[in-house]
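Q: What follows is a single structure, and I will ask about it in a moment.
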Amino acid sequence: MPTSLHLLADAPAQLLPARELMAFTLAAHIILVPLGVAFPLITLVMHHRGLRRGDATALLLARRWSAVMAVQFALGIVTGTVLSFEFGLLWPGLMGRWGDVFGVGFGVEAWAFFLEAVLIAVYLYGWRRLKPWTHFLLGLPLPFAALLGAFGILAANSWMNTPRGFSLDSAGKPVDVNVWKAIFTPMFGPQYWHFVVGMVLTAGFVVAGVYATGWLRGRRDRYHRLGFAVPFTIAAVAAPVQFVLGDSIARSVFHEQPVKFAAMEIVWKTDTRVPEYLFGRLNEDGTVSGGIRIPLLDSFLAGFSADTEVVGLTSVPADQRPTATQATIAHWAFDIMVLIGSVLVLLALWYGLVWLRHRRLPASPWFYRAAACAGVGSVVAVECGWIAAEVGRQPWIVYRNMRVAEAVTSTRSTSLWIMFGVVAVVYVFLFGSFLVVLLRMRTRWRLADEQQATAAGGLAPETDIPYGPRAPVPAGDVPAARPGAGRAGGDGRAGGDGP
């Protein structure tokens with residue numbers, strides 16, 4: 001019997017549905033994470049631009065983005081809460097034994113979550129009720145609350161990858177917990193900064209992609225140009241930084257989790273002068289089928305020398321390493337992430353070169369087609385990063401201390417499959433509702449812009465500065481333009497596709 005099938009046969013019946021349920025809810029939640037972590041920062045950058053330059057277009061975009069941010073946060077409340085419950089319900093062995101060691105990270109995330117909820121409420125409330133700079137300053141803590149939440153989650157996950165800060169008594173239970181060592185593990189720094197910059201990059205490309213789509217549909221007014229330029233510039237700056245950080249975290253995995261590195265690179269035997277495989281499939285006998293083989297490259301990437309020794313999967317017993325199928329999944333996820341990241345860096349370089357040479361946005365439709373796809377691509381890269389990290393760690397839920405099978409619930413597998421089905425249906429409804437709400441907001445804003453442009457004699461919608469009470473417009477009456485409206489207006493067309 002192949003090793004993979006033998007290990008699967010020995011696993012508890014509850015393991016597969018529990019893992020599938022956790023994977024589904026995490027994959028769904030992580031779609032929202034970039035907007036939750038980095039969208040407040042992007043919104044505040046646009047907000048600051050609007051206040052500093054007296055730019056009503058930027059202020060209008062920031063106000064609308066804040067509404068999207070609130071809707072996204074509301075959905076994130078649901079998906080994040082489900083994940084929190086699943087840790088206790090699906091993995092009682094993990095939380096029961098190790099909760100006192102790494103649970104502080106979840107506590108930090110919970111406090112950050114409630115703080116962010118309050119700050120978002122204040123920020124939304126303040127648009128027409130606070131003085132402009134007072135309102136902006138009250139919004140400044142929002143990105144820090146989001147970063148604090150990421151700090152808590154990444155502290156917990158990095159501990160699971162490199163557990164520290166405890167001793168084991170004679171019964172194998174953790175004692176003498178050192179909270180600081182449990183938080184700041186060897187993998188925490190590389191994971192945290194790779195995650196944060198990845199969220200900024202992803203959120204920037206996702207938001208810019210909306211306006212790139214509008215550009216392709218002919219909406220090229222200042223509203224759409226600015227809505228594209230600010231988030232795309234932030235993402236373009238983050239892209240090469242993320243590429244360097246990605247190389248750094250790969251080296252950290254090489255040193256701290258050599259077996260996971262072997263899975264991600266499908267290295268079977270410990271050796272030097274190890275080749276790099278782009279894609280390909282690892283077989284049960286250690287051979288690799290398909291893919292592109294590049295001699296010596298894996299050793300060189302791991303230690304800047306072809307003579308660098310790379311630990312192979314066979315360095316540990318079969319029950320202490322990922323199966324050939326799991327290694328292939330982790331390898332493909334890692335390669336897809338790197339491929340997408342490389343394309344995004346090239347797209348950022350294209351944008352930067354055009355700006356440095358001509359001081360304008362690119363004009364090529366192919367650039368905007370690529371930019372419209374970049375948002376989806378960056379989300380796929382985030383998903384692949386988590387797949388590589390979690391599948392590559394198998395069979396451990398706490399690296400070299402507790403297997404996933406030891407932590408799983410004793411609930412009947414049938415009940416878990418039913419729960420999975422119910423959660424899947426609910427999530428389809430939730431994300432469908434989220435999409436409907438966003439589309440209705442877009443439609444409402446488009447109609448409001450058209451009405452404003454008509455009432456103002458053809459002026460662009462961004463002439464309405466979102467501070468102070470909005471004056472009602474009597475039917476048939478054309479109000480005078482506000483001072484500075486001519487500077488804020490674009491070419492007179494109403495914003496449409498983008499929020």
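The values are calculated or read from the model by the stated rules, or taken from the named source; none is laboratory data. Bear in mind the structure is a predicted one, so any value in this text is a computation, not a measurement. Cβ atoms come from the backbone with ideal geometry, glycine included; neighbour counts cover every protein chain shown. Accessible surface areas use protein heavy atoms only, side chains included; no ligands, DNA or RNA. Shrake-Rupley method; radii C 1.70, N 1.55, O 1.52, S 1.80 Å.
The rows are residues; the columns are (1) in a loop (DSSP other than H, G, I, E, B); (2) surrounded by fewer than 21 Cβ atoms within 10 Å (Cβ to Cβ); (3) modelled with pLDDT of 90 or more.
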{"residue": "Ala18", "(1), (2), (3)": "no, no, yes"}
{"residue": "Phe39", "(1), (2), (3)": "no, no, yes"}
{"residue": "Thr43", "(1), (2), (3)": "no, no, yes"}
{"residue": "Thr81", "(1), (2), (3)": "no, yes, no"}
{"residue": "Ser84", "(1), (2), (3)": "no, yes, no"}
{"residue": "Leu115", "(1), (2), (3)": "no, yes, yes"}
{"residue": "Val122", "(1), (2), (3)": "no, yes, yes"}
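Q: Here's a follow-up. For segment 124-143, which residues satisfy the criterion of being open to solvent by 30 Å² or more (accessible area, probe 1.4 Å) and not hydroxyl-bearing (Ser, Thr, Tyr)?
A: Selection gives Leu124, Arg128, Arg129, Leu130, Lys131, Pro132, Trp133, Leu137, Leu138, Leu140, Pro141.
Q: Right, another one. Return yes when Trp111 is under 23 Å from the mean Cα position of the chain (by Cα), of a type in the set (Phe, Trp, Tyr), surrounded by fewer than 21 Cβ atoms within 10 Å (Cβ to Cβ) and assigned to a helix (DSSP H, G or I) and no when it is not.
A: Considered against the rule, which asks whether it is under 23 Å from the mean Cα position of the chain (by Cα), of a type in the set (Phe, Trp, Tyr), surrounded by fewer than 21 Cβ atoms within 10 Å (Cβ to Cβ) and assigned to a helix (DSSP H, G or I), Trp111 comes out as yes.
Q: I would also like to ask the following. Let me confirm something: among Gly218, Gly246, Gly198, which residue is closer than 26 Å to His331 by Cα and surrounded by fewer than 24 Cβ atoms within 10 Å (Cβ to Cβ)?
A: Answer to the check: Gly246.
Q: Are there any pairs with C-beta distances below 7 angstrom linking a residue in segment 407-421 that is open to solvent by 40 Å² or more (accessible area, probe 1.4 Å) to a residue that is not in a helix (DSSP H, G or I), with the two at least 6 apart or on different chains, and if so which?
A: Note: pairs meeting the criteria are Ser410/Gln14; Thr411/Gln14.
Q: Just give me the residues in segment 288-305 being in contact with a strand residue (DSSP E or B) (Cβ under 9 Å, 6 or more places away or on another chain) and either assigned to a loop (DSSP other than H, G, I, E, B) or under 9 Å from Leu278 (Cβ atoms) (or both), in sequence order.
A: Gly290, Gly291, Ile292, Arg293, Ile294, Pro295, Leu296
Q: Take the conditions in a helix (DSSP H, G or I), crowded, with 20+ Cβ neighbours inside 10 Å and in contact (Cβ under 8 Å) with a residue 12 or more places away in the chain and apply them to Trp98. Does it pass?
A: yes
Q: Turning to a different aspect of this structure: Report the residue count in segment 279-323 for those that are of a type in the set (A, V, I, L, M, F, W, C), under 23 Å from Val244 (Cβ atoms) and loosely packed, with under 14 Cβ neighbours inside 10 Å.
A: Final tally of qualifying residues: 2.
Q: Please find, within segment 201-214, the residue that is farthest from Ser252 (Cα to Cα) out of those that are surrounded by fewer than 24 Cβ atoms within 10 Å (Cβ to Cβ) and of a type in the set (A, V, I, L, M, F, W, C).
A: So the residue we want is Val210.
Q: Another question, if that's okay. Which one of the conditions (1) free of Cβ contacts under 8 Å to residues at least 24 places away in the same chain; (2) open to solvent by less than 50 Å² (accessible area, probe 1.4 Å); (3) not aliphatic (A, V, I, L, M) does Trp180 fail to meet, given that it meets all the rest?
A: Unmet condition: (2).
Q: Out of all the residues in segment 235-242, is one or more closer than 20 Å to Gly204 by Cβ and of a type outside the set (A, V, I, L, M, F, W, C)?
A: Within segment 235-242, one or more residues are closer than 20 Å to Gly204 by Cβ and of a type outside the set (A, V, I, L, M, F, W, C).
Q: Right, next: Val230: within 30 Å of Gly352 (Cα to Cα) and not in a loop (DSSP other than H, G, I, E, B), yes or no?
A: So Val230 passes the test.
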